[in-house]
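Below you'll find the structure, written out as structure tokens, and then a few comments.
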Amino acid sequence: MTIKKKPNYNFIIGSILTGLIVALALVSLVYTPYDPDAMDAANKFAGISLKHPMGCDNFGRDIFSRVMEGTKNTLFVALGTVAIGTVFGILLGAFTGYFGGILDEILMRINDAIFAFPSILLALVIVSLLGSGKYNVMIALGIAFIPSFARIVRAEFLKNRELDYVKSARLMGAGSLRIMFVHILPNTFSVLASSVMIGFNNAVLAEAGMSFLGIGVQPPDASLGRMLSEAQTYLFSTPSYAFFPGLVIILMVLGFSLLSEGISQKSV
Amino acid sequence: MLLEVKDLNIEFHDHLTPETVVYDFNLSLKEGEIVGIVGESGSGKTMSALAIAGLLNRKDMKKSGEILFDGKDLLTCKRSELRSYQGNDISMIFQEPMTSLNPVKKIGAQVEESLKIHTNLTKEERYQKAISILNDVEIKDPESVYHKYPHQLSGGMRQRVMIASAMILEPKILIADEPTTALDVTIQAQIIKLLKKLNKQKKTSILFISHDLSLVRTLCHRAIVMKQGYILEEGNIEEIFEHPKEAYTKQLIEAIPALEL
Amino acid sequence: MRYIGKKFVTMLITILLVSFFVFVAFAVIPGDPALSKLGTEATYEKLEALREEMGLNEPLLKRYGTWIVGFFTGDMGTSYSYDMPVKDMILDKLPITITLTVMSFLMIVAVSIPLGIYTAKHQGKAADKTIFVLNQIVMAIPPFFSGILITLLFGLVFKLFTPGGFVSYTKSIPDFLAYMVFPCIAVALPKIAMTVKLLRTSLVDESKKDYVRTAYSKGNDKNGVFFGHMLKNAMIPVITFLGMILADIAAGSIIIEQVFNIPGLGRILLTSISNRDYPVVQAIIVWLGIFVIVINFCVDLLYKVVDPRMR
Amino acid sequence: MSDVILEVNQLNTYYKERGEKKKHVCKNITFQMEQGEILGLVGESGSGKTTLVKALLGMVKDKEGAIKLNAKMPQMIFQDPYSSLNPSKKIGWLLQEPLRIKGGFTKEEREKKAYEMLKKVGLNDNIFNHYPRQLSGGQRQRVSIALALMLEPELLIADEPVSALDVTIQAQIMDLLLKLKEEMGLSILFISHDLRVVYKMCDRVLIMEDGEIVEQGKVEEVYKNPAHPYTKMLLEAVTTV
């Protein structure tokens, strides 16, 4: 029987947006129209033109080139954050969920206490201790994201641990590690995938927010959040300075959330 | 004739090709009669029952035929008119008494809900009626059960509560969709006895949907055998069990392990 | 009652735990506060003397004890950079941040709950689809960017408020509130979108449950089923989420205060972080932590009211 | 007198949930199971039969008494064919897993054994590359049986193996189990709430109520002359209904 499917617009639009943004970041690795940090007094606040499709900023730097660079940095930090959060979250969640007991109780209490903290606050604390910069932001946000992933993975393991297929694997003689990572883990992927996507968006927003506050990515690295905070001063005279970095953040987050929406629609 | 279903067809339209789940379903139900609908999963028995109860209103579903109750066609009448029958003249109970009760509402409120919808009784009168119907379904200490929540009751008790809430307005028809499948055998026997009693006392006709032929045999006067959306056979209970016409019916009967005592 | 007592004790333990973690983090990681106060050129003797004076030579647990007792009796230490009591620095900024948090929270609840119910009731219709698209877009706008857009639009173009022209509550409460409306909108917008989406999903999930079928079988109409049966069940996950949102706004206020030039708690936190003024950072973080934990406690209690299975 | 494959003597198990009193679940359970027999275990929900099975498999910590098992690696088939097969693995992979864990087989040997087993339980070869969700309830239960038999156990514990299935499928699965029992010389502990099914399948039966075995004996004898009131009640529930 063929199932009638409406075109999955969420998935299509999400893929296109995400693809564009990723392409922008990848291209910036090898090519940007101008050196993103090259100042040019002659082009201060230059308007939108063929030469400078998004105009220039207060130092005459090409905004388009800086947006490309910033997109790359934001994506990089977000990927790192999600990677740290997922890997440690899976380990923590798998062990506590599967074994339970006292260790689980204690770790989950701590986890809950951390989870209760808004991640940006936690990241601020860590950054204030470690200092700012791209890698420290990544570590800070990564740590802040571990509890939420751990929680999801733990819940899945708790649920699966009681299912008969796990009992059956144990009766075959499979060891705990094999049961956890060969038998149970693949069954958590669908749930994990959607939370990774949401986590990725939160990471993008958090990184941009911290850079906006001046404690994220540091100059000379360009960053979308930082560009926005610099642009705020010239909001009335040169709104395009603020507009483009903001737009890219929105498209990035929108693309990803549509993509994750589309994927969950597909798996139904 | 209390209820007459003529040529009921139910089609799903959520796929590329429409899928018919019930073909030319016919049924007549007299006052005080218990009719069983028997079939395995996918036979269309539950779909037919839901359609009769007026609970199949999904947009991607097409129904044709007639469901005549008191001479009124429930398939084509106005929604508000249909609602005036539901819970009042036609009630339904379901397989899972736990999930079929609202977890956050007290038993009392759920039992007397139909009264609230269909009558103008005062709070006190509703309470009295609720207690008396809880007594009728043989719940001990109905006053305390009235103030409890579903999760505080056992499975059998919950199904009794479901029956009470369906029977409170003494409907002419009770549709019971596998009401004992989720229960232990001893509890199952009690619920069947209770249904028999209510049928005798209140003259309520019962449409009993089940996969369990032995249950249908003890409870029902007549039975309909369904398979893959079609009615295969119908007749008096004795006839069907002693002289089944269809091979499938025979197969169903033979699948029940014999108990020679 | 026993449940409340248990939850209350858990709350106190969590508060102590969190404050201990924060204390240890700030006591261990940043290095020697005496050194940072005196600078690298200080003599060893001077340093030792200051360490003794600041109590840095005591064991960690004892130092924590002294600190936490002081903390709750109003002595939160002295700011390194301003040499004034942390308590005084925080106290007069508190009303600003509280106003920001409460006002945006009220906006979120007032808009998202009716809208969530509306979209769930009209599931699949044009209005629902439009709101879905709007939701997705609004969710993607970071509050600092929507803040900038609001400043541009309402401040610079329509001149409904003066960007950067914050009026303190000590001067004029109406003017203060009028200014705060716009930052609150910026904070509330994405959260409204999220809450609408969650409530809609939650209601749609509930609509597939068996008890809904039972409710219809009794002759309820759509409103009867929605408001009499589904809403209370559907609110259970929403309550948790609203609790998290409240905590999130308090933390997110740091950013929005920056956009709208509001001298609230977030502003001090930020300057203190860049000045490495640890006593101030520590105090604000612990207070925000306590706020979050108390919110969670309230959410637990609310749960108990809504969901009898929790009792 | 055939050999005893399982001997349980004065088994007591306890269960404690945090903040609650310790519960005494299985009370003084004593029975023997002989090589090659199908022993029925009948009880309603909450009777302790699930805990008893867990105890037999060594999954209950808090217990007293003796369990003597004269069979290596007893295997189990479960009630719900939807949760007893790992949804993320293909049937072929699953069937080879016991051999993979045991070790000492080449890939070819494993696959050959898996195909042989599929044939034995009456399934087609093409199922090898299917996921559990692509199969019907009856097919899944056949796969479960195949999976349990891969290690050629002497004792099989069947926990309500047919109660989630349609009646016609039930009959097929019961016939399959009886056939396999003969072919492979299995002993089966058959747990069910359905007295009719037990009557068809079992040689002897244990009746459990509230953690105790209230009656045991040959099926015909117990059914014809039930001694305990609870057994009478159970039988009445089946025969009057």
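The values are calculated or read from the model by the stated rules, or taken from the named source; none is laboratory data. All of these numbers come straight from a predicted model, not from anything done at the bench. All Cβ positions, even for glycine, are placed from backbone atoms using ideal geometry, and neighbour counts span all protein chains on display. In case anyone asks, the SASA skips ligands and DNA or RNA and just uses the protein heavy atoms, side chains included. Shrake-Rupley method; radii C 1.70, N 1.55, O 1.52, S 1.80 Å.
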### Message
Over 10 Å intervals from 0, what percent of Cα-Cα pairs in the stretch B:8-74 sits in each interval?
### Response
18, 53, 25, 4, 0
### Extended-chain gain in nm, criterion 0.36 nm per residue less alpha-carbon gap, residue C:305 and residue C:69
81.5 nm
### Message
So if I restrict to the alpha-carbon atoms in the stretch C:102-181, what is the Rg, and what is Dmax, the biggest pairwise distance, in Å?
### Response
16.3, 50
### Query
Looking at the protein assembly as shown, what % of its DSSP beta bridges pair antiparallel, to the nearest 5?
55
## Note on the structure
Rounded to the nearest 10 degrees, the helix A:239-267 long axis (Cα) sits at an angle to the longest Cα principal axis of chain A of 20
## Note on the structure
Per-residue ellipticity at 222 nm attributable to helices in chain A (runs of n ≥ 4 DSSP H, -39500 (n - 2.57) apiece, nearest 500 deg cm²/dmol) works out to -24500 deg cm²/dmol
### Query
Taking every residue in B:186-197, how many Cβ atoms of other protein chains lie within 10 Å of its Cβ, on average?
3
### Task
Take the alpha-carbon positions of the stretch C:169-246, form their convex hull, and give its projected area averaged over all directions (one quarter of the hull surface) in nm².
6.9
### Summary
Here the FRET efficiency for residue B:121 versus residue C:44, based on Cβ atoms and R0 = 60 Å and rounded to 0.05, is 0.10
### Summary
Mean 1/r over distinct Cα pairs of the stretch A:1-133, inverted to a Kirkwood Rh in Å, yields 19.3
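Partner chain Cβ atoms within 10 Å, averaged over the residues of D:165-171 - can you pull that number for me? Write out the running numbers ahead of the final one.
Working: counts 3, 8, 13, 6, 3, 3, 6.
Going residue by residue through D:165-171 and averaging, the value is 6.
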### Query
Over what distance in Å are the Cα centres of the stretch B:102-119 and the stretch A:11-73 separated?
63
### Query
How large, in percent, is the carbon and sulfur part of the accessible surface of chain C at a probe radius of 1.4 Å?
68
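Show me you know the interface measure: the accessible area buried between C and A, both chains summed, probe 1.4 Å, in Å² to the nearest 100.
That pair hides around 3400 Å² of surface in total.
Would you kindly calculate the mean projected area, averaged across all directions, of the convex hull enclosing the Cα atoms of the protein assembly as shown, in square nanometres?
52.5
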### Message
As an exercise, find the ratio Rg/Rh for the stretch B:30-104 from alpha-carbon atoms, using the Kirkwood inverse-distance average for Rh.
### Response
0.97
### Query
Per residue, what volume in Å³ does the Cα convex hull of chain B take up?
140
### Task
Between residue A:12 and residue A:87, take the C-beta separation as r, use R0 = 35 Å, and let me know the FRET efficiency to the nearest 0.05.
0.70
### Task
Give me the percent of Cα-Cα pairs in the stretch D:15-70 that sit more than 19 Å apart, rounded to a whole number.
35
### Summary
In Å³ per residue, the alpha-carbon convex hull of the stretch C:111-264 encloses 130
### Message
Counting only protein heavy atoms and a 1.4 Å probe, tell me what percentage of the stretch B:1-123's accessible area is made up of carbon and sulfur.
### Response
45
### Query
What are the residues whose amide H is under 5 Å from the amide H of residue D:206, where those residues sit 5 or more places off or on another chain and H is modelled from the backbone?
D:40, D:41, D:42
## Note on the structure
With every protein chain in place, the residues of the stretch B:29-46 shedding 50 Å² or more of accessible area versus the chain by itself (probe 1.4 Å) are B:40
#### Entry: Residues in the stretch D:52-86 that, when all protein chains are in place, have 40 Å² or more less accessible area than the chain alone would give (probe 1.4 Å)
D:59, D:78, D:83, D:86
### Packing rank of D:108-114, A:153-159, A:139-145, where each peptide gets the mean count of other beta carbons within 10 Å, highest leading
A:139-145, A:153-159, D:108-114
### Task
Write down the accessible area per residue of the protein assembly as shown in Å², having rolled a 1.4 Å probe over the full set of protein chains.
44
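For the pair residue D:136 and residue B:6, what calculated FRET efficiency results from E = 1/(1 + (r/R0)^6), where r is the Cβ-Cβ distance and R0 = 45 Å, to the nearest 0.05?
The formula returns an efficiency of 0.85 here.
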### Message
Rounded to whole Å, give me the distance from the Cα center of the stretch D:182-206 to that of the stretch B:188-204.
### Response
33
### Task
Calculate what fraction, in whole %, of the accessible area of the stretch A:54-145 sits on carbon and sulfur atoms when a 1.4 Å probe is rolled over the protein chains.
76
### Summary
Taking only the Cα positions of chain A, the convex hull volume per residue in Å³ is 163
### Message
Using 22 Å as the Cα-Cα cut-off, could you pick out the over-long pairs in B:193/D:232; B:148/C:232; D:181/D:224; B:148/C:304?
### Response
D:181/D:224
#### Entry: Using θ = phi - 60° and Karplus 6.51 cos²θ - 1.76 cosθ + 1.60, couplings along the stretch D:205-210 (whole Hz; Gly, Pro as x)
9, 10, 9, 10, 9, 6
### Query
How big, in percent, is the set of alpha carbon pairs in the stretch D:44-122 lying more than 16 Å apart?
67
### Members of the stretch B:92-136 that become less accessible by 50 Å² or more once partner protein chains are added (1.4 angstrom probe, chain alone as reference)
B:94, B:102, B:103, B:104, B:113, B:117
### Message
Give me the summed buried accessible area for the B-C pair, 1.4 Å probe, to the nearest 100 Å².
### Response
2000
### Query
Pick from A:257, A:49, A:65: which is most flexible by mean-square fluctuation in a GNM of chain A where alpha carbon atoms under 10 Å apart are linked?
A:49
### Query
Which value, in square angstrom to the nearest 100, describes the accessible area buried between chains B and D on both sides, using a 1.4 angstrom probe?
2100
### Message
If I model a spin label as a point 7 Å beyond the Cα along the Cα-Cβ vector, how far apart are those points for residue B:251 and residue A:38 in nm?
### Response
8.0
### Neighbour count of at most 16 Cβ within 10 Å plus DSSP loop: longest trypsin sites (Lys or Arg not before Pro)-free window in chain B
B:149-202
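Give me the inter-chain shielding for A:196-208: mean count of other chain Cβ atoms within 10 Å, whole number please. Don't skip to the end; give the middle numbers.
Values: counts 0, 0, 0, 0, 0, 2, 0, 0, 2, 9, 1, 0, 4.
Other-chain Cβ atoms within 10 Å of each residue's Cβ, averaged: 1.
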### Task
From zero up to wherever the largest Cα-Cα distance of the stretch C:234-311 sits, split into 10 Å bins and tell me the percent of pairs in each.
18, 38, 25, 15, 5, 0
### Query
What value does the stretch B:1-131 have for Rg/Rh, both radii from Cα atoms and Rh as Kirkwood defines it?
1.01
